[in-house]
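The values are calculated or read from the model by the stated rules, or taken from the named source; none is laboratory data. No experiment lies behind these values; they were computed from the predicted model shown. Virtual Cβ from ideal backbone geometry, glycine too; neighbours counted across all protein chains shown.
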Amino acid sequence: MAEIVVEVPDELKNRISHVDWVNWSSVARKAFSDKLKFIEEVELIEDAAEISEISPDDNREVKESLIKDVVNSIDKTSEDLKSGKVKPMTSD
């Protein structure tokens, strides 16, 4: 497993040191993972908006469930392409 050095203020380090029963590496891994998942979802939404024909000035509300469905569909298609379950479509 790789290592990362994270700098924190002295006051925070002192507080962390007093709670020795917590696996702080696990807490950091979870925080990194959660943040990356959020960033990846935002990027997918931005990518979907970029290829859609909806104007950025369009201020209609889009249901969050619809956005999640689109993101899930993109994720599944991406996984299927990577695994070889489906082949990329071409214009030919």
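A few comments on the model shown:
- The set of residues in region 45-70 that are hydrophobic (A, V, I, L, M, F, W, C) and modelled with pLDDT under 80 comprises Ile45, Ala48, Ala49, Ile51, Ile54, Val62, Leu66, Ile67.
- Those helices (runs of 4 or more DSSP H) of the chain in which at least 1 residues are touching a residue at least 24 places away in the same chain (Cβ under 8 Å), out of contact with any strand residue (DSSP E or B) (no Cβ under 9 Å at 6 or more places or on another chain) and of a type in the set (Val, Ile, Thr), considering only elements entirely within it, cover 24-51, 64-83.
- Ile16 passes every criterion in (1) β-branched (Val, Ile, Thr); (2) closer than 30 Å to Ile74 by Cβ; (3) surrounded by 10 or more Cβ atoms within 10 Å (Cβ to Cβ) apart from (2).
- The set of residues in region 19-50 being surrounded by 10 or more Cβ atoms within 10 Å (Cβ to Cβ) and aromatic (Phe, Trp, Tyr) consists of Trp24, Phe32, Phe38.
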